[in-house]
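Below is one structure, written out as structure tokens; the observations come after it.
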């Protein structure tokens, strides 16, 4: 499987879909960070892991620019923030997002989960999350944190 290692501050534009699948791993060193700007779908599938080694969601931020879908499926996991204000997102299977999500809608299916990190204020006011319903909270950041969660069983 593929391993991508980030050992410094990196900003990258992905001019198409971003797909991390299978057993691929994206590792970000504790003194590094990755900001991805994606002009297509953002997908984590299979047993892919993004930033799971550090356990610090502040090190990874993904901006989905054009309203394309966001999917975390299978047993894929990510520590980070996803900022996709025009996108619909789905976390399904045993997929996990530890951090924050901003987007149009978020569907959680199966045993998928969003574990909201209220300390991630850099994408907005923090909000109250963790799959407790829907709401919004604005902060001083120009990207106000808003989310809606639809439970599908």
> What is the distance in Å between the Cα centres of the range 1-52 and the range 79-107?
Replying inline: 15 Å
> Among 21-31, 40-50, 104-114, how do they line up from the highest to the lowest mean number of other beta-carbon atoms within 10 Å?
Replying inline: 40-50, 104-114, 21-31
>> For the pair residue 29/residue 1, report the inter-label distance in nm, with labels modelled 7 Å from Cα in the Cβ direction.
In response: 2.3 nm
> Hey, fewest Cβ within 10 Å first, where do 11, 96 land in order?
Replying inline: 11, 96
> Using the 10 angstrom Cβ neighbour count as an exposure proxy, how do 118, 14, 38 rank, fewest first?
Replying inline: 118, 14, 38
>> Can you give the FRET efficiency to the nearest 0.05 for residue 66 and residue 10, using r as the Cβ-Cβ distance and R₀ = 35 Å?
In response: 0.95
> Taking Cα pairs under 8 Å and at least six residues apart, what relative contact order does the range 40-86 come out at, in percent?
Replying inline: 52 percent
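Every read-out reported here was derived from the displayed coordinates using simple, explicitly stated rules and does not represent laboratory data. None of the values given here were measured: they were computed from a predicted structure. Note that each Cβ is placed from the backbone with ideal geometry, even for glycine, and that neighbours are counted across all protein chains shown.
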